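S.K.: Let me begin by handing over the structure; questions about it come next.
The values are calculated or read from the model by the stated rules, or taken from the named source; none is laboratory data. Note that the structure is predicted; figures quoted are calculated from it, not measured. Because the Cβ atoms are built from the backbone with ideal geometry, glycine has one as well, and the counts that use them run over all protein chains shown. With ligands, DNA and RNA removed, areas are computed over all heavy atoms of the protein, side chains included. Shrake-Rupley method; radii C 1.70, N 1.55, O 1.52, S 1.80 Å.
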Protein chains: 2
Amino acid sequence: MSKVAAIIGGGVIGGGWAARFLLNGWDVRVFDPDPQAERKIGEVLANARHALPGLSDVALPEEGRLSFHGSIAEAVEGAAWIQESVPERLDLKHKTFAEIQAACGADAFIGSSTSGFKPSELQEGATNPGQIFVAHPFNPVYLLPLIEIVATPETPTERLEELRALLVGLGLYPLMVRKEIDAHIADRFLEAVWREALWLVKDGVATTEEIDNAIRYGFGIRWAQMGLFETYRVAGGEAGMKHFMAQFGPALKWPWTKLMDVPEFTDELVDLIAGQSDEQSGAYSIRQLERIRDDNLVAMMRALKAQDWGAGALLNAHDATLRAGTDLDGRAVDGLAPGAVVTLRRAVPPDWADYNGHMNEARYLDAFCAATDRFMELVGCDSDYIAAGMSYFTAETHIRHLGEVHLGQKIEVRTQMLLGEGKKLHLYHEMRAGEDLVATGEHFLLHVDLSTRRPCDPGPEVVTGLALVAAAQSDLTWPEGAGRAIRRPG
Amino acid sequence: MSKVAAIIGGGVIGGGWAARFLLNGWDVRVFDPDPQAERKIGEVLANARHALPGLSDVALPEEGRLSFHGSIAEAVEGAAWIQESVPERLDLKHKTFAEIQAACGADAFIGSSTSGFKPSELQEGATNPGQIFVAHPFNPVYLLPLIEIVATPETPTERLEELRALLVGLGLYPLMVRKEIDAHIADRFLEAVWREALWLVKDGVATTEEIDNAIRYGFGIRWAQMGLFETYRVAGGEAGMKHFMAQFGPALKWPWTKLMDVPEFTDELVDLIAGQSDEQSGAYSIRQLERIRDDNLVAMMRALKAQDWGAGALLNAHDATLRAGTDLDGRAVDGLAPGAVVTLRRAVPPDWADYNGHMNEARYLDAFCAATDRFMELVGCDSDYIAAGMSYFTAETHIRHLGEVHLGQKIEVRTQMLLGEGKKLHLYHEMRAGEDLVATGEHFLLHVDLSTRRPCDPGPEVVTGLALVAAAQSDLTWPEGAGRAIRRPG
């Protein structure tokens with residue numbers, strides 16, 4: 001099979017398909033009569049190149065070749081996959097398929113990005129109907145794995161298996177839809193929510209922003225990792241899916257949504273759903289599912305903290321209220337107690353632990369970096385100072401592991417400044433869990449000008465801060481674990 | 001104000017509220033006639049203690065005291081916040097509120113966890129109606145920030161502001177709902193999707209598992225960070241929200257969902273929504289929003305990779321197809337080329353970079369750890385070997401930063417084994433971006449028995465693997481950067 005894809009219709013969706021193929025090593029041929037198509041696809045590609053390659057923990061294949069073509073016939077010739085993403089008008093789609101089929105190979109796959117049309121509608125009047133099917137992606141196509149595949153009996157089973165494997169090879173998740181239906185599966189949910197949301201805005205119950213917050217601070221995060229049914233199975237608790245349905249069954253008749261055309265709530269329906277739910281999630285106990293859900297939620301919310309967005313931004317704001325511009329015992333730099341300064345106190349989160357609950361090796365450096373950041377803040381190298389153009393860069397790090405730490409344990413880091421003169425900053429962190437010294441981190445940093453990326457002397461506020469720390473720590477002796485190398489064997 | 005909360009009705013929701021208060025330093029008094037209540041709440045608390053403290057980057061306050069009480073009167077006395085989470089029957093709720101108000105302080109807040117009842121319904125017949133309001137949480141209550149607050153005009157504005165601030169202090173996001181409506185906001189969406197999903201299962205279009213996958217591999221991940229409207233604003237591309245609405249407006253009449261009671265699609269409605277969307281998201285250009293969305297998606301999907309769940313599990317499976325049980329140039333340990341072995345090739349993902357696009361300090365250790373894991377795999381210390389009870393633990397790490405790396409850049413790590421004898425393994429990684437040496441990582445590891453956590457000699461397959469590497473690298477000399485200490489000042 002040639003690794004050549006033809007993209008008929010650029011735009012956000014077509015461009016996303018182009019990027020998905022191209023970055024996975026396929027050659028991509030684009031046809032789009034829009035004179036802006038090349039620019040628009042270039043912008044989607046720039047986004048894809050920013051985001052997709054690093055999503056993988058291994059290098060992707062070399063990018064394929066991208067070319068633009070003046071006719072559908074030229075674009076589709078020799079292509080193994082042809083993706084149609086023209087506007088949602090059935091007559092236009094029929095005309096496009098006719099042009100494609102006049103020029104493409106008989107064994108080419110022709111997917112349509114349609115949000116709503118059924119494959120039987122797309123195939124009407126086609127010379128080779130079985131070649132055409134719905135391959136409905138989700139924006140951004142270069143990142144989200146879901147592709148809904150809807151075919152008719154015209155497409156042979158072995159062809160479906162072949163196209164499924166092809167999409168899996170692009171890192172996608174093809175969902176093979178059992179029966180055709182308007183808007184397939186996911187868009188039916190989206191359309192219901194959209195219609196419900198329009199009512200809420202129109203009736204003045206909520207603004208667009210309030211609705212978005214109602215989604216992303218609550219069920220949206222849950223749905224990023226478990227869907228509707230698995231989430232409700234867990235919510236049902238020990239009693240499970242049947243219990244959940246019994247509890248909320250009567251509510252089906254209540255005006256909790258404008259969607260009032262509901263299926264009859266029979267024992268048969270309950271059994272059907274509870275049975276499918278058992279098959280889907282029965283390998284895990286409710287307790288296990290709760291833990292999995294919680295660990296997923298914590299990991300995603302902490303990922304959003306690093307992006308300072310959504311629920312992560314809320315958490316950052318809350319953290320900020322729990323600490324002031326002082327050390328963690330509440331002392332400013334001009335009032336420090338003698339000795340090492342407390343620069344970190346926290347619990348080990350689930351996403352820092354391996355499946356046995358031990359804190360991962362690399363997370364010790366996360367903790368030491370947070371301690372270093374805190375120390376810098378304390379001496380005046382805070383976000384304003386950094387925004388003004390200067391900071392410290394770490395040149396060298398030496399970590400010694402002396403014990404183990406577990407998920408949920410409280411850890412504390414105390415920091416001794418070994419040197420803080422001119423451009424140089426030499427820090428020694430000790431991490432304890434209770435009384436146990438579990439790790440040390442020794443760091444050599446250089447003060448830099450962020451525009452030149454070259455070392456320079458710090459500003460007067462930081463010089464003063466460093467001197468105050470030096471004075472508070474003048475009685476401390478050189479720690480036994482500092483200044484050491486990993487021993488050369490033999 | 002006393003930091004005392006009364007929880008009336010345990011179970012999953014009441015228990016979640018109890019945990020939220022308790023772990024934020026409040027004393028919590030529980031009333032629930034269920035003889036299993038104490039056990040059930042204990043289980044919710046165990047989950048909360050596992051997940052919540054580490055969500056924060058600073059230590060939470062000391063936990064409050066938890067007590068169980070035999071009557072509502074005893075539980076609510078002196079409580080500042082009383083949360084009702086009894087079953088969804090209005091008569092039962094009225095009875096509960098009467099008992100609460102007979103014993104609680106006049107300035108206590110009485111929130112109801114009801115999913116569907118309006119506050120005016122809850123207040124019927126109450127002695128002090130303005131004290132009662134909806135405070136609707138989302139499961140798990142100890143993790144998800146959203147609380148829908150729905151009050152009637154009976155509750156004074158200053159009381160609403162006071163209760164809002166109280167919830168913010170617990171790390172929550174109180175959404176103040178403008179008008180009461182059945183099922184508030186979020187549950188209207190959930191109920192619409194639930195009803196739509198029941199039809200799909202009943203009609204044999206999809207199974208519960210397929211529906212869940214249609215959610216979590218597509219729009220679910222998007223909704224974890226931007227809601228419906230902001231997502232569609234971005235999808236509208238350069239032309240924005242009005243364009244999006246014009247495109248999908250006609251579809252409102254199409255049978256894309258069973259929810260066919262739709263608002264009239266007037267210019268007024270379009271202007272209302274486009275205006276609110278501008279106010280919500282207008283501070284960012286579409287290009288900026290695309291980048292924010294993509295960085296959020298990558299960060300969350302990579303967080304799910306670490307949990308090996310959902311979209312993350314898909315990505316891990318895909319990564320596995322891109323590498324075999326060989327070095328990254330495809331050579332097994334008995335066919336290695338002379339010299340250092342390639343143990344990592346990848347692009348720097350957005351979640352490894354700071355806001356300026358530079359790779360974060362701690363992520364260098366992530367890269368070196370991945371290289372070490374790969375090296376261990378190559379010599380036979382793979383997942384089967386580890387599952388059988390032995391592995392390597394890192395005792396010491398020394399990182400030198402020699403250059404900078406940027407988001408999207410390809411990095412490569414080559415590994416030299418300095419020592420691989422008995423329990424000891426001494427590795428030296430060099431990280432390059434193109435030809436530039438950007439960092440080195442020196443690691444001293446000990447082979448351990450995972451049950452005793454004590455050093456022991458490796459198994460014969462690993463001994464053989466190490467010998468093969470030693471042979472392939474016998475011509476390498478001691479690297480200039482290894483065996484060095486951070487220099488002691490003065």
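S.K.: From (1) open to solvent by less than 10 Å² (accessible area, probe 1.4 Å); (2) among the hydrophobic types (A, V, I, L, M, F, W, C); (3) in contact with a strand residue (DSSP E or B) (Cβ under 8 Å, 6 or more places away or on another chain), pick out the condition that doesn't hold for B:Val86.
M.R.: Answer for B:Val86: the failing condition is (1).
S.K.: Does B:Val469 count as free of Cβ contacts under 8 Å to residues at least 24 places away in the same chain, surrounded by 14 or more Cβ atoms within 10 Å (Cβ to Cβ) and more than 30 Å from A:Gly483 (Cα to Cα)? Show your work before the answer.
M.R.: Numbers: free of Cβ contacts under 8 Å to residues at least 24 places away in the same chain: no; surrounded by 14 or more Cβ atoms within 10 Å (Cβ to Cβ): yes; more than 30 Å from A:Gly483 (Cα to Cα): yes.
Considered against the rule, which asks whether it is free of Cβ contacts under 8 Å to residues at least 24 places away in the same chain, surrounded by 14 or more Cβ atoms within 10 Å (Cβ to Cβ) and more than 30 Å from A:Gly483 (Cα to Cα), B:Val469 comes out as no.
S.K.: Name the single residue, out of those in the range A:379-396 being of a type in the set (A, V, I, L, M, F, W, C) and open to solvent by 20 Å² or more (accessible area, probe 1.4 Å), that is farthest from A:Val342 (Cα to Cα). I'd like the intermediate steps shown before the answer.
M.R.: Taking the range A:379-396 as the starting set, the residues that turn out to be of a type in the set (A, V, I, L, M, F, W, C) are A:379, A:381, A:386-388, A:390, A:393, A:395.
Narrowing further to those that are open to solvent by 20 Å² or more (accessible area, probe 1.4 Å): A:386-388, A:390, A:393, A:395.
On the way: A:Ile386: 22, A:Ala387: 25, A:Ala388: 27, A:Met390: 24, A:Phe393: 21, A:Ala395: 23 Å.
In this case the residue turns out to be A:Ala388.
S.K.: For the range B:294-336, give me the residue count where each residue is free of Cβ contacts under 8 Å to residues at least 24 places away in the same chain, at the interface with chain A (Cβ under 7 Å from one of its Cβ atoms), assigned to a helix (DSSP H, G or I) and not aliphatic (A, V, I, L, M).
M.R.: Final tally of qualifying residues: 3.
S.K.: Now a separate question. Looking at (1) in the same structural domain as B:Pro53 (by TED's automatic domain parsing); (2) open to solvent by 10 Å² or more (accessible area, probe 1.4 Å); (3) closer than 27 Å to A:Ile292 by Cα, which is the only condition B:Glu191 fails?
M.R.: So the condition that B:Glu191 fails would be (1).
S.K.: In this structure, is B:Leu418 in contact (Cβ under 8 Å) with a residue 12 or more places away in the chain and over 28 Å from B:Trp352 (Cβ atoms)? Lay out the reasoning, then the answer.
M.R.: Working: in contact (Cβ under 8 Å) with a residue 12 or more places away in the chain: yes; over 28 Å from B:Trp352 (Cβ atoms): no.
When the stated conditions are applied, B:Leu418 does not pass them.
S.K.: Further, regarding this structure: Consider B:Asn360 against the criteria (1) touching a residue at least 40 places away in the same chain (Cβ under 8 Å); (2) touching a strand residue (DSSP E or B) at 6+ places or on another chain (Cβ under 7 Å): it satisfies all of them except one. Which criterion is unmet?
M.R.: Single failed check for B:Asn360: (1).
S.K.: Looking only at the range A:236-254, how many residues end up being basic (Lys, Arg) and within 17 Å of A:Glu268 (Cβ to Cβ)? Break it down into steps so the answer makes sense when it comes.
M.R.: First pass over the range A:236-254, keeping only residues basic (Lys, Arg): A:242, A:253.
Subsequent filtering for residues that are within 17 Å of A:Glu268 (Cβ to Cβ) retains A:242.
Total meeting the criteria: 1.
S.K.: Using the structure shown, decide if A:Ile185 is crowded, with 24+ Cβ neighbours inside 10 Å and of a type in the set (A, V, I, L, M, F, W, C). Walk me through it before giving the result.
M.R.: Numbers: crowded, with 24+ Cβ neighbours inside 10 Å: yes; of a type in the set (A, V, I, L, M, F, W, C): yes.
Yes, satisfied.
S.K.: Given the range A:181-279, what helices (runs of 4 or more DSSP H) lie entirely inside it while holding 1 or more residues that are more than 19 Å from B:Met226 (Cα to Cα) and in contact with a Gly (Cβ under 9 Å, 6 or more places away or on another chain)?
M.R.: Details: elements: A:186-202, A:208-214, A:220-223, A:228-235, A:240-248.
Passing ranges, in order: A:228-235, A:240-248.
S.K.: Hey, could you check the range B:58-83 for residues that are surrounded by fewer than 16 Cβ atoms within 10 Å (Cβ to Cβ) and out of contact with any strand residue (DSSP E or B) (no Cβ under 8 Å at 6 or more places or on another chain) and say which is modelled with the highest pLDDT?
M.R.: Ranking the candidates gives B:Ala73 first.
S.K.: OK, next. Could we say that A:Ala37 is modelled with pLDDT of 95 or more and hydrophobic (A, V, I, L, M, F, W, C) here? Walk me through it before giving the result.
M.R.: Numbers: modelled with pLDDT of 95 or more: no; hydrophobic (A, V, I, L, M, F, W, C): yes.
Considered against the rule, which asks whether it is modelled with pLDDT of 95 or more and hydrophobic (A, V, I, L, M, F, W, C), A:Ala37 comes out as no.
S.K.: Can you find a residue that is in contact (Cβ under 8 Å) with a residue 60 or more places away in the chain and open to solvent by 30 Å² or more (accessible area, probe 1.4 Å) anywhere in the range B:245-253? I'd like the intermediate steps shown before the answer.
M.R.: Keep residues of the range B:245-253 that are in contact (Cβ under 8 Å) with a residue 60 or more places away in the chain, which gives none.
No: the range B:245-253 contains no residue that is in contact (Cβ under 8 Å) with a residue 60 or more places away in the chain and open to solvent by 30 Å² or more (accessible area, probe 1.4 Å).
S.K.: Which residues, taken from the range B:216-235, are open to solvent by 10 Å² or more (accessible area, probe 1.4 Å) and more than 7 Å from chain A (Cβ to nearest Cβ)?
M.R.: The answer is B:Arg222, B:Thr231, B:Tyr232, B:Arg233.
Residue by residue, here is whether (1) open to solvent by 10 Å² or more (accessible area, probe 1.4 Å); (2) assigned by TED's automatic domain parsing to the domain that holds A:Ile41; (3) touching a Cys at 6+ places or on another chain (Cβ under 7 Å); (4) under 22 Å from A:Gly15 (Cα atoms) holds:
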{"site": "A:Ser113", "(1), (2), (3), (4)": "yes, yes, no, yes"}
{"site": "A:Pro129", "(1), (2), (3), (4)": "yes, yes, no, no"}
{"site": "A:Phe133", "(1), (2), (3), (4)": "no, yes, no, yes"}
{"site": "A:Pro145", "(1), (2), (3), (4)": "no, yes, no, yes"}
{"site": "A:Glu148", "(1), (2), (3), (4)": "no, yes, no, yes"}
{"site": "A:Leu160", "(1), (2), (3), (4)": "yes, yes, no, no"}
{"site": "A:Ile181", "(1), (2), (3), (4)": "yes, no, no, no"}
{"site": "A:Ala214", "(1), (2), (3), (4)": "no, no, no, no"}
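S.K.: Given the structure, is A:Glu480 open to solvent by 20 Å² or more (accessible area, probe 1.4 Å), of a type in the set (D, E, K, R) and farther than 22 Å from B:Gly54 by Cβ?
M.R.: Details: open to solvent by 20 Å² or more (accessible area, probe 1.4 Å): yes; of a type in the set (D, E, K, R): yes; farther than 22 Å from B:Gly54 by Cβ: yes.
In short, yes.
S.K.: Which one of the conditions (1) free of Cβ contacts under 8 Å to residues at least 12 places away in the same chain; (2) closer than 25 Å to A:His69 by Cβ; (3) open to solvent by 50 Å² or more (accessible area, probe 1.4 Å) does A:Leu92 fail to meet, given that it meets all the rest?
M.R.: The single condition A:Leu92 does not satisfy is (3).
S.K.: Considering only residues that are away from chain B (no Cβ under 14 Å), under 33 Å from the mean Cα position of the chain (by Cα) and more than 22 Å from A:Arg159 (Cβ to Cβ), which ones fall in the range A:62-102?
M.R.: Correct list: A:Gly64, A:Arg65, A:Leu66, A:Ser67, A:Phe68.
S.K.: Limited to the range B:421-435, what total is found for residues that are open to solvent by 30 Å² or more (accessible area, probe 1.4 Å) and free of Cβ contacts under 8 Å to residues at least 60 places away in the same chain? If you could, list the steps in order and put the result at the bottom.
M.R.: Of the residues in the range B:421-435, the ones open to solvent by 30 Å² or more (accessible area, probe 1.4 Å) are B:421-424, B:430, B:432, B:434-435.
Within this subset, residues satisfying the condition of being free of Cβ contacts under 8 Å to residues at least 60 places away in the same chain are B:421-424, B:432, B:434-435.
Summing the residues that are open to solvent by 30 Å² or more (accessible area, probe 1.4 Å) and free of Cβ contacts under 8 Å to residues at least 60 places away in the same chain in the range B:421-435 gives 7.
S.K.: Still on this structure: Across the range B:162-179, which residue is surrounded by the fewest Cβ atoms within 10 Å (Cβ to Cβ) among those that are under 17 Å from A:Ile221 (Cα atoms) and more than 8 Å from chain A (Cβ to nearest Cβ)?
M.R.: Within the range B:162-179, the match that is surrounded by the fewest Cβ atoms within 10 Å (Cβ to Cβ) is B:Pro174.
S.K.: Mind checking which pairs have a first residue in the range B:183-201 that is more than 7 Å from chain A (Cβ to nearest Cβ) and a second that is at pLDDT 95 or above, Cβ under 6 Å, 6 or more apart or different chains?
M.R.: Filtered contacts from the range B:183-201: B:His184/B:His136; B:His184/B:Glu148; B:His184/B:Val150; B:His184/B:Val177.
S.K.: Considering only residues of the range A:257-291 that are in contact (Cβ under 8 Å) with a residue 40 or more places away in the chain and at the interface with chain B (Cβ under 7 Å from one of its Cβ atoms), which is most open to solvent (accessible area, probe 1.4 Å)?
M.R.: A:Lys258
S.K.: Does the range B:297-325 hold any residues that are open to solvent by less than 30 Å² (accessible area, probe 1.4 Å) and β-branched (Val, Ile, Thr), and which are they?
M.R.: Correct list: B:Val298 only.
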